[in-house]
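Trainee: My questions all concern the structure below.
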Amino acid sequence: MTRLSRKTCKTLAYDPSDLDIGIVHLGVGAFHRAHQADYTDEAIRKGDMRWGTIGASLRSSDTRDALKPQDYLYTIAESDETGERFRVLGALRDVLVAPENPATLIRAMCRPSVKIVSLTVTEKGYCHDPATGELNEQHPDIIHDLAHPERPRSAPGFLVAALRERHTRNLPPFTVLCCDNLPANGRTVAKVVTRLAQLIDPALGVYVADNVSFPATMIDRIVPATTDADRARVAAATGLDDAWPVVTEVYNNWVVEDRFPQGRPEWSATFVDDIVPFELMKLRLLNGAHSSMSYLGYLAGRETIADCMNDPALAHFVAHLMHSEVTSTLAVPPGADIGAYKEALLRRFRNPGLKHRTWQIAMDGSQKLPQRLLDTIRERMNAGQSIDGLALGVAAWMRYVTGIDEKGAPIDVRDPLRDELRSRADMAGLDAPKLATALLGVEKIFGKDLPANPDFVKAVTQALDSLIRHGSQKTYETFRSSHP
Ligand code: CS2
């Protein structure tokens, strides 16, 4: 079959070679290509050719290798319960592989036409301590970047190197746009980058703090990893071979603080002054439910989120979590309707077109738990409210990171803290009080307050005890009976 390329694609509304480069994006994985790039493509289609994007991978060359032979074009497949539709996006003009040549990436970030450097490098890519949001100065990549600031490895290291170079060359700084699911993502990244700059050169730290804009964002689109079955479906539907299409839902949402001193595309996002209520609604409802479902569902043998939602007791647990525990901690974001958001969310989770694996979402739990479940727990406990569902989510993570499933088979746990979690779990064994105490001792996740709170420890230990004794399915079935 013919390969997708500029020559073979007949559906692009503009000629990508007419694009100037206005954006450099770090972490050019499926999420960016299905979310921000879709908004940018739409802005370009309206005629503003300033926003071509250079993507960068901070680790592997896979994306570049797949997309280069097809001129960096790729297909986006969007589905809802009515079916699937396909489009080719053209905003991406090049993909750089940072470890192959860090200087080339810094040079791209220093192009005078670049106004925005955006990022999707996942929670762990910011090298911060998830419980406090501070730069982890002991992180191996940060230790490396402090020793070799002109040849960085980490995303914060690249931002600092390029901001420094632009400052030296009297170019205005770019806006740093974090599109990861971190709490207060703009502020957190500002803190991390400013601290790294300060450690490299105190005057640079002051320059970054005073001159660089870090707008916060709330990003919301479900984008499962692409599979070979997706590739085959896209080829059959479009008649063109695409080595790396992206598969997502029709739903797409982006709320952004409008602080772009050098300008921005006319994205059809919602621009606001205060992101916090939007962010909390999304992180606690969507991501909190996702993580809880992924651990409980994986342990119960459920492959995907849609499979979890087809299990009535697990779907009941998710609805309970959202309606009876999370909602009371949320303020209504201006113009939003929390009830409608939850309804849409339950529908989105059920989307049979998305094969979103529980194993994929289960990754990096140590980086996700604080903002998805633990802050909600703190607020509920301060208000004297129950945390049964939230505690079961945390306990399911604990059972999962033991690395052995309910049938005794190994679990491929992916997490930057995997070794520490595993050794704590191994020492404790499958004994709920010991295991809970051992894992609650990871201060980077739980802080000092939660392990010292007897009600929290009790709730998590009881849930974990049930998971160990009766298994996940039985536990959430019992949960349904006791929380009708
Ligand atoms: C998911 C998110 O992988 C995960 O942890 O919870 O990627 C989720 O799909 C997105 O945040 C949806 O906007």
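The values are calculated or read from the model by the stated rules, or taken from the named source; none is laboratory data. From a predicted model like this one, the values you see are computed outputs, not experimental measurements. No Cβ is skipped: glycine too gets one built from the backbone with ideal geometry, and neighbour counts run over all protein chains shown.
Trainee: Would you check which residues across the range 270-282 are among the aliphatic types (A, V, I, L, M) and surrounded by fewer than 24 Cβ atoms within 10 Å (Cβ to Cβ) and list them?
Mentor: Pass one, the range 270-282, residues among the aliphatic types (A, V, I, L, M): 272, 275-276, 280-281.
Within the range 270-282, Val272, Ile275, Val276, Leu280 qualify.
Trainee: Related question: Considering only residues that are of a type outside the set (Val, Ile, Thr) and part of a helix (DSSP H, G or I), look in the range 474-484 and name the one that is nearest to Ala396 (Cα to Cα). Walk me through it before giving the result.
Mentor: Just the residues of the range 474-484 that are of a type outside the set (Val, Ile, Thr), to begin with: 474, 476-477, 479-484.
Imposing the further condition that a residue be part of a helix (DSSP H, G or I) reduces the set to 474, 476-477, 479-482.
Values: Lys474: 13, Tyr476: 10, Glu477: 14, Phe479: 13, Arg480: 16, Ser481: 19, Ser482: 18 Å.
Here the answer is Tyr476.
Trainee: Any chance the range 355-372 includes a residue that's away from the ligand (no atom under 15 Å from the Cβ) and at pLDDT 95 or above?
Mentor: Quick first cut of the range 355-372, residues away from the ligand (no atom under 15 Å from the Cβ) only: none.
No, there is no match, as no residue in the range 355-372 is away from the ligand (no atom under 15 Å from the Cβ) and at pLDDT 95 or above.
Trainee: Another question, then. Can you find, within the range 334-354, the residue that is nearest to Met293 (Cα to Cα) among those that are over 21 Å from the mean Cα position of the chain (by Cα) and of a type outside the set (D, E, K, R)?
Mentor: Initially, the range 334-354 is screened for residues over 21 Å from the mean Cα position of the chain (by Cα), giving 334-340, 343, 352.
Narrowing the set further to residues that are of a type outside the set (D, E, K, R) leaves 334-336, 338-340, 352.
Details: Pro334: 29, Gly335: 29, Ala336: 25, Ile338: 20, Gly339: 20, Ala340: 21, Pro352: 16 Å.
The residue in question is Pro352.
Trainee: Considering the range 100-117 alone, what residues qualify as being charged (D, E, K, R) and without any contact (Cβ under 8 Å) to a residue 24 or more places away in the chain?
Mentor: Matches in the range 100-117: Arg107 only.
Trainee: I'd like to verify a number: residues in the range 204-240 that are aliphatic (A, V, I, L, M) and within 16 Å of the ligand (Cβ to nearest atom), how many?
Mentor: Of the residues in the range 204-240, 6 are aliphatic (A, V, I, L, M) and within 16 Å of the ligand (Cβ to nearest atom).
Trainee: Going through the range 250-269 one residue at a time, which ones are within 13 Å of the ligand (Cβ to nearest atom) and either buried (at least 22 other Cβ atoms within 10 Å of the Cβ) or among the β-branched types (Val, Ile, Thr) (or both)?
Mentor: Val255, the sole residue that qualifies.
Trainee: What residue, of Ala319, Ala336, Ala331, is out of contact with any Lys or Arg (no Cβ under 8 Å at 6 or more places or on another chain), closer than 30 Å to Gly471 by Cβ and not assigned by TED's automatic domain parsing to the domain that holds Arg45?
Mentor: Working: Ala336 fails: closer than 30 Å to Gly471 by Cβ; Ala331 fails: closer than 30 Å to Gly471 by Cβ.
Exactly one residue qualifies, and that residue is Ala319.
Trainee: Consider Ala344 against the criteria (1) within 13 Å of the ligand (Cβ to nearest atom); (2) in contact with a Cys (Cβ under 8 Å, 6 or more places away or on another chain): it satisfies all of them except one. Which criterion is unmet?
Mentor: (2)
Trainee: Report, by residue number, each residue of the range 163-202 that is farther than 29 Å from Gln371 by Cα and touching a Leu at 6+ places or on another chain (Cβ under 6 Å).
Mentor: Correct list: Arg164, Pro173.
Trainee: Continuing with the same structure: Select from the range 92-130 the residues that are of a type in the set (Val, Ile, Thr), at negative phi and within 23 Å of the chain's Cα centre (by Cα) and list them in ascending order.
Mentor: In the first step, residues of the range 92-130 are kept if they are of a type in the set (Val, Ile, Thr); the result is 95, 97, 104, 106, 114, 116-117, 120-122.
Checking which are at negative phi leaves us with 95, 97, 104, 106, 114, 116-117, 120-121.
Answer for the range 92-130, where residues must be of a type in the set (Val, Ile, Thr), at negative phi and within 23 Å of the chain's Cα centre (by Cα): Val95, Val97, Ile116, Val117, Thr120, Val121.
Trainee: Taking the conditions exactly as written (outside the structural domain of Ala344 (by TED's automatic domain parsing), at pLDDT 95 or above and more than 14 Å from the ligand (Cβ to nearest atom)), does Gly301 satisfy them or not? It would help to see each step written out before you state the result.
Mentor: On the way: outside the structural domain of Ala344 (by TED's automatic domain parsing): no; at pLDDT 95 or above: yes; more than 14 Å from the ligand (Cβ to nearest atom): yes.
Considered against the rule, which asks whether it is outside the structural domain of Ala344 (by TED's automatic domain parsing), at pLDDT 95 or above and more than 14 Å from the ligand (Cβ to nearest atom), Gly301 comes out as no.
Trainee: Would you check if there is a residue in the range 107-119 being of a type outside the set (S, T, N, Q) and closer than 24 Å to Glu249 by Cα? Please lay out each step first, then the result.
Mentor: Within the range 107-119, the subset of a type outside the set (S, T, N, Q) is 107-112, 114-117, 119.
Imposing the further condition that a residue be closer than 24 Å to Glu249 by Cα reduces the set to 119.
Yes, the range 107-119 contains a residue that is of a type outside the set (S, T, N, Q) and closer than 24 Å to Glu249 by Cα.
Trainee: Which of (1) surrounded by fewer than 20 Cβ atoms within 10 Å (Cβ to Cβ); (2) closer than 26 Å to Lys444 by Cα does Glu165 not meet, given it meets every other one?
Mentor: Failed condition: (2).
Trainee: Select from the range 31-57 the residues that are over 27 Å from Leu354 (Cα atoms) and of a type in the set (A, V, I, L, M) and write down the one among them that is surrounded by the fewest Cβ atoms within 10 Å (Cβ to Cβ).
Mentor: Ranking the candidates gives Met49 first.
Trainee: In the range 230-242, is there at least one residue being assigned by TED's automatic domain parsing to the domain that holds Arg50, hydroxyl-bearing (Ser, Thr, Tyr) and crowded, with 23+ Cβ neighbours inside 10 Å?
Mentor: Initially, the range 230-242 is screened for residues assigned by TED's automatic domain parsing to the domain that holds Arg50, giving 230-242.
After this cut, where a residue has to be hydroxyl-bearing (Ser, Thr, Tyr) as well, the list is 238.
Adding the requirement that they be crowded, with 23+ Cβ neighbours inside 10 Å leaves none.
No, because not a single residue in the range 230-242 is assigned by TED's automatic domain parsing to the domain that holds Arg50, hydroxyl-bearing (Ser, Thr, Tyr) and crowded, with 23+ Cβ neighbours inside 10 Å.
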